[in-house]
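Presented below is the structure to which this report refers.
The values are calculated or read from the model by the stated rules, or taken from the named source; none is laboratory data. What you are looking at is a predicted structure, and each value in this text was computed from that prediction instead of being measured. Positions of Cβ are backbone-derived with ideal geometry, glycine not excepted, and every protein chain shown enters the neighbour counts.
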Amino acid sequence: MRRLKFRFLFAAWFLLAIVWLGFVSPAQAGFLFQQPTVAIPTVTGSPSGPIAIVNPDQDQINVRSGPSGGYPIVGVLVAGQQVPALGRSPGGDWIMVVYPGVPEGVAWVYSFLVTLQGSLPIVEPPPTPTPLVTPTIDPTLAAQFVIEIVPTRLPTFTPAPPVVIPTYTLPQV
């Protein structure tokens, strides 16, 4: 009897929980969670000055630490993203933009992949990065892979013997 009563109470509680969860939307359930007690900082201003906008025909573009393909990629910008522009390379092919999270907070984008609003001064690009390792060839190691091909005599041609085609005759009956 006691076991039956326990099962009944458990089933009733389970059904009540299912009904309550079915009627409470996630937005309404939000009041159950802890609410922040401080103001959350948000960006309310817009950048002033020249702006570089990633062209909509580009899914994403690379952001480099300097104005050429020889500099390492430090991040990406997506289509339509706007960033403050600071300057232009002497040739005008690269634009220096504000890019937080990298050393000095600036990076470079290829100018043909963005639309520029405003005019920019020409800035001196950073020095070309030096490679971490200078490529050298170890002569001892390279010598192991030198293959010397020994000349051989060419094969001679010997004609095949003539082909004999057998002929068969039908036996007479």
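Below are the figures for this structure:
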| quantity | calculated |
| --- | --- |
| Test: residue in the stretch 71-91 that is touching a residue at least 40 places away in the same chain (Cβ under 8 Å) and farther than 15 Å from VAL123 by Cα | yes |
| Among the residues listed as GLY92, GLY80, the single one being in contact with a Pro (Cβ under 7 Å, 6 or more places away or on another chain) and on the phi > 0 side of the Ramachandran plot | GLY80 |
| Output for the stretch 37-57, where each listed residue is surrounded by fewer than 17 Cβ atoms within 10 Å (Cβ to Cβ) and either at pLDDT 90 or above or of a type in the set (Val, Ile, Thr) (or both) | THR37, VAL38, ILE40, THR42, VAL43, THR44, ILE53, ASN55, PRO56, ASP57 |
| Count - residues of the stretch 99-140 that are among the β-branched types (Val, Ile, Thr) and free of Cβ contacts under 8 Å to residues at least 24 places away in the same chain | 7 |
